[in-house]
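The values are calculated or read from the model by the stated rules, or taken from the named source; none is laboratory data. Source: prediction; values computed, not measured. Cβ: placed from backbone, ideal geometry, glycine included. Neighbour counts: every protein chain shown. Heads up: the accessible areas ignore ligands, DNA and RNA and are worked out on the full protein's heavy atoms, side chains in. Shrake-Rupley method; radii C 1.70, N 1.55, O 1.52, S 1.80 Å.
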Amino acid sequence: MQSETVAQKPIEERDHVVIRFAGDSGDGMQLAGMHFTNETALAGNDLSTLPDFPAEIRAPTGTLAGVSGFQLHFSSADIFTPGDQPDVLVAMNPAALKVNIGDLPMNGILIVDKEQFTEQNIKKAEFTSNPLTDGSLDRFQVFEVSITKLTLNALNDTGLQTRAMMRSRNFFALGLTSWLFQRDIEPTLRWIESKFAKRTPEVAEANRRVLKAGYNYGETAEVFRTAYKVKPAAIAPGRYRNITGNAATSLGFVAAAQKAGRPLFLGSYPITPASDILHELAAMKGYGVYTFQAEDEIAGVGAALGAAFGGAIGITTTSGPGVCLKGETINLAVSVELPLVIADIQRGGPSTGLPTKTEQADLLLAMYGRNSDSPVPILAPATPADCFNVAFEAIRIATRYMTPVFFLSDGYLANGAEPWRVPAAADLPEVKVEFRTDPVGYYPFLRDPETLSRPWAIPGTPGLEHRIGGIEKDYLTGNVSYAPMNHEQMVRVRSRKIAGIVREIPPTELNGPDEGDVLVLGWGSTYGAIESAVRALQAEGKKVAHAHIRYINPLPPDLPGILSRYRHVLVPELNMGQLVRLIRAEYLVDAIGLNKIQGQPFKVSEIVRKVSSLMEKK
Amino acid sequence: MSENAEATTALNRKDFVSDQDVRWCPGCGDYSILAQVQRLMPELGIPRENIVFISGIGCSSRFPYYMNTYGFHSIHGRAPAIATGLKASRPDLTVWVVTGDGDGLSIGGNHLLHALRRNVDLKILLFNNRIYGLTKGQYSPTSERGKVTKSTPLGSIDYPLHPITVALGAEATFVARSIDVEAKHLTSVLRRASEHKGTAFVEILQNCNIFNDGAFANITDKDQKADAQLVLEHGKPLLFGKNHDKGIRMAGHKLEVVELGNGVSEADLLVHDEQDPALAFLLSTLMPPTFPAPVGVFRAVDRPPYDAAMGEQVERAKAKLGTPDLDALFNQGDTWDVAP
């Protein structure tokens, strides 16, 4: 399927392309998108993805509520976002067209499955007339492809039921777009083989045939005049793989536990969009990983804390509603000073909110959502691949400081993918875990003078038998104490211990001039949109810089100095303004927010527009 | 905190007494339970450092502070979850859970249920005094209907849970009952529990002399207890009464009390079988005044414990993998190289 066979049609070069696959939630758009992404990654492009799907597993077929989409941005240069708008839209039915067509720019490429534009489907999609014939699509390059018919034709001698054949339609779309952008379909064929060949060889054969049919259709049918090519990106040398945020998070946790030489114990209750971490880790038991699917969120974190008491690396994974339930146990971990990582893969809220959509609105929950003074360190990854580093760091901090640590990812990072430069295990930082064994001079709350952390003395160690609990403890012995001054001393030392984590924070990376008009300060998944916007503005000569923080509690020690050197500080967040509150409260800086609460990541243009309007302000 | 770490063989009761003052109300039934547990521990031959007591919140949950072992006084109702995490990752430890009727059956009912059905190798002691003691006297999920307390001045309208029935419903593999003041019986039940592989659930009827004095007086009073207690023994007929002259037999699908004589002999009585789930269930519903309260082991069956199964899965996966290699893990799936 390689280049020697595609020479018939001219190939046009592009710097970057944004493609969106859209269809019914049963149409397999996520799968098509994922494999197009994998082919693209192997072609050496930089890339960024945005899966966007409904919470319902199968909403009624053909309706607007059931539309599922997958957007991929790939490029020959560094890119940071899945793209503001698609250059190419693949719409598998009228509903998918209706939901997505507003994002396609003038002259954009639109590929539709012609057979799906039946009267009934058109009505379900709430069109008043057939968009393929009423002229409403005239401003686009429309390719009406008989995806349904060609799929059925390719399989007509297989003896499969029509319904079974229809399930391969996504592979036609994938094959066609693979040709259009000159992707090698070999990796997808390999995947089909490994996934289906053993148990359902007829499905493997159907998917293989339809994938090739789609590819060959692009190449031979007189429909597409040109194919496109995006050259490999000039990215840093090394070995790469494509990775989602949740997969990177899982690897980060396993790597840190391995470095610590301790078993990893995950206590978790399934919740969107965090469940994939449970699935990933359940498959890594060979690395000393214990996964416990608990009866509820509370038991998930409770079991993780119990395992930590026994000397394992205890972690729990969840989303906002789960964090609400875990609060009391997190507080217990604060009080008994045991290491624990709480991975909150944030989603839209409040309450059940938007389970499959992204938001960054749990920051203040992580910061303050427990009774009394209960400081917990908070770390946030910036990109899907960065989830690896930050998950690793969360465990390092938790064990070094004997504290629960929040890891704040979100739905966009969790499901989004990008190339990950695979690190060498030997280059990863040390995670030092030493259990106390010497009974001489042992007190459960005798603190390390530098980190203020207490010794980790695990059951099974002779002579160190002791009791811990959620009641206030004596500063030294850990015995129950209600003494007034002891309580104040304990509250203050717990706070000082967490504040002392500043010594772990590397200098804040700044992209842009040391001083200037606007500093765009971000955290978490807004990294890509902010970085792209700031680069675009800098290219116009604007004095704009981007700082992105991974440590939110405590905040980086160099941050106040940085903030003071710009006329304006802008904090874009996918919430009503949470980091901006912390910044204003902490530093008395007149930072202003840019807030979006639509379940969708920022578009680059939204940030560019806001910064530009600030530049004009005196 | 411990200062001494002598050889396990030489341990005695005092070695399990912590240096903390016991702060239960004078006359509380918990004192007796603590004494029996501390007495039993040296007998088990388990090194003190390998024993962990985990509790939730409530009067009973102060228990770990008084045991000179490892201990974790956690949060309300969650002890079974915390203990599950510990035991699953550290099967070498002996883990006891101490809970009460409020902690275990109200706020923590869910966790108790799931620990029982998973058969985690935990010894769970539920002190049942049918009242909230630490919050000063509200009715609990085991309080009798109509009970007048501070929060139910007109009488409780809740129907109570029966802990043994709940445990049997969750298919717990070891279910037993004893009484705070029956020291010998309590010790024998605790010993059986400690020997069981899997979740051992023991309901201990316990008096709260401050907020629910005489909670089980109709079962424990010296002059009537022979008629009010049915001591269960595997393979023995269900006999009770001062003169062993009463028994339990089947009448259709129900149990009935019969007096021996007049044509009724021991051969007519039910014989206790710890492996018969239907019998255990029927027995769990018996209560005075119509019936004696059964004490002893209702059910004891073998089933592989959760923690052992979890450990086996991990060990099998480790053996299959060989030496863990992070680099191999990182490079799984499709990778590509970018040349310098």
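Here are the numbers:
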| read-out | value |
| --- | --- |
| Matching helices (runs of 4 or more DSSP H) fully within the range A:353-420 where at least 1 residues are among the hydroxyl-bearing types (Ser, Thr, Tyr), modelled with pLDDT of 95 or more and open to solvent by less than 10 Å² (accessible area, probe 1.4 Å) | A:386-401 |
| The range A:552-579 residues that are among the basic types (Lys, Arg), paired with ones that are assigned to a strand (DSSP E or B) and surrounded by fewer than 23 Cβ atoms within 10 Å (Cβ to Cβ) (beta carbon under 6 Å, 6 or more apart) | A:Arg567/A:Asp517 |
| Among (1) modelled with pLDDT of 95 or more; (2) open to solvent by 10 Å² or more (accessible area, probe 1.4 Å), the one test that A:Val145 misses | (2) |
| Residue under evaluation B:Gly45, criteria (1) out of contact with any His (no Cβ under 9 Å at 6 or more places or on another chain); (2) small (Gly, Ala, Ser); (3) without any contact (Cβ under 8 Å) to a residue 40 or more places away in the chain; (4) facing another protein chain (nearest Cβ under 10 Å), criterion not met | (4) |
| Criterion (among the aromatic types (Phe, Trp, Tyr) and in contact with a Ser or Thr (Cβ under 6 Å, 6 or more places away or on another chain)) met by exactly one of A:Tyr482, A:Tyr551, A:Tyr527 | A:Tyr527 |
| Hits in the range A:303-339 - residues which are in contact with a strand residue (DSSP E or B) (Cβ under 7 Å, 6 or more places away or on another chain), within 17 Å of A:Gly469 (Cα to Cα) and at the interface with another protein chain (Cβ under 10 Å from one of its Cβ atoms) | A:Ala303, A:Ala304, A:Leu305, A:Ala307, A:Ala308, A:Phe309, A:Gly311, A:Val336 |
| Tally, over the range A:82-105, of residues that are open to solvent by 30 Å² or more (accessible area, probe 1.4 Å) and within 21 Å of A:Thr40 (Cα to Cα) | 3 |
| Neighbours by Cβ (under 7 Å, 6+ apart or cross-chain): first from the range A:149-165, closer than 20 Å to A:Phe196 by Cα; second open to solvent by less than 50 Å² (accessible area, probe 1.4 Å) and basic (Lys, Arg) | A:Thr151/A:Arg169 |
| Whichever residue in the range A:285-295 is under 20 Å from B:Pro91 (Cβ atoms) and not in a helix (DSSP H, G or I) and, among such residues, is farthest from the other protein chains (Cβ to nearest Cβ) | A:Gln293 |
| Any pair with Cβ under 9 angstrom, 6 or more apart, that starts in the range B:75-102 at a residue that is facing another protein chain (nearest Cβ under 7 Å) and ends at one that is among the basic types (Lys, Arg) | B:Thr84/B:Arg118; B:Leu93/B:Lys87 |
| Subset tally (residues that are open to solvent by less than 10 Å² (accessible area, probe 1.4 Å) and not in a helix (DSSP H, G or I)) for the range A:163-208 | 4 |
| Qualifying residue in the range A:232-252 (condition: at negative phi, out of contact with any helix residue (DSSP H, G or I) (no Cβ under 9 Å at 6 or more places or on another chain), open to solvent by less than 40 Å² (accessible area, probe 1.4 Å) and in contact (Cβ under 8 Å) with a residue 12 or more places away in the chain) | yes |
| Single condition A:Ala59 does not satisfy, out of (1) more than 14 Å from chain B (Cβ to nearest Cβ); (2) buried (at least 21 other Cβ atoms within 10 Å of the Cβ); (3) in contact with a helix residue (DSSP H, G or I) (Cβ under 6 Å, 6 or more places away or on another chain) | (2) |
| Meets criteria (surrounded by fewer than 24 Cβ atoms within 10 Å (Cβ to Cβ) and hydrophobic (A, V, I, L, M, F, W, C)) for A:Leu452 | yes |
| Test result for B:Gly261, open to solvent by less than 60 Å² (accessible area, probe 1.4 Å) and modelled with pLDDT under 95 | yes |
| Inter-residue pairs, beta-carbon under 7 Å, first within 15 Å of A:Arg14 (Cβ to Cβ) and in the range A:34-45, second open to solvent by less than 10 Å² (accessible area, probe 1.4 Å) and of a type in the set (S, T, N, Q), 6+ apart | A:Asn45/A:Ser75 |
| Residue check for B:Val314: at pLDDT 95 or above and at the interface with chain A (Cβ under 7 Å from one of its Cβ atoms) | yes |
| Of all residues in the range B:108-142 being under 22 Å from B:Tyr65 (Cα atoms) and within 13 Å of chain A (Cβ to nearest Cβ), the one that is modelled with the lowest pLDDT | B:Leu134 |
| Flag for B:Gly322 being loosely packed, with under 12 Cβ neighbours inside 10 Å and small (Gly, Ala, Ser) | yes |
| Sole residue being over 21 Å from B:Ile107 (Cα atoms), at the interface with chain A (Cβ under 7 Å from one of its Cβ atoms), of a type in the set (Phe, Trp, Tyr) and surrounded by fewer than 24 Cβ atoms within 10 Å (Cβ to Cβ), chosen from B:Tyr65, B:Tyr70 | B:Tyr65 |
| Helices (runs of 4 or more DSSP H) enclosed by the range B:234-332 - at least 2 residues per element that are on the phi > 0 side of the Ramachandran plot | none |
| Any hit, the range A:332-344, residues being more than 30 Å from A:Arg58 (Cβ to Cβ) and without any contact (Cβ under 8 Å) to a residue 40 or more places away in the chain | no |
| Positions within the range A:430-453 being in a loop (DSSP other than H, G, I, E, B) and within 13 Å of chain B (Cβ to nearest Cβ), in sequence order | A:Val431, A:Arg436, A:Thr437, A:Asp438, A:Pro439, A:Val440, A:Gly441, A:Tyr442, A:Tyr443, A:Pro444, A:Phe445, A:Leu446 |
| Residue identified as touching a Pro at 6+ places or on another chain (Cβ under 9 Å) and either away from chain A (no Cβ under 14 Å) or farther than 30 Å from B:Asp180 by Cβ (or both) among B:Ala328, B:Ala293, B:Ala339 | B:Ala339 |
| Among residues of the range A:255-277, those that are buried (at least 24 other Cβ atoms within 10 Å of the Cβ), more than 11 Å from chain B (Cβ to nearest Cβ) and in a helix (DSSP H, G or I), counted | 1 |
| Odd one out for A:Pro459, checked against (1) within 25 Å of the chain's Cα centre (by Cα); (2) open to solvent by less than 60 Å² (accessible area, probe 1.4 Å); (3) within 14 Å of another protein chain (Cβ to nearest Cβ) | (1) |
| Failed criterion for A:Gln489 (all others in (1) in a loop (DSSP other than H, G, I, E, B); (2) polar (S, T, N, Q); (3) more than 14 Å from chain B (Cβ to nearest Cβ) hold) | (1) |
| Single residue of the range B:146-166 satisfying the filter (of a type in the set (A, V, I, L, M, F, W, C) and part of a loop (DSSP other than H, G, I, E, B)) that is most open to solvent (accessible area, probe 1.4 Å) | B:Leu154 |
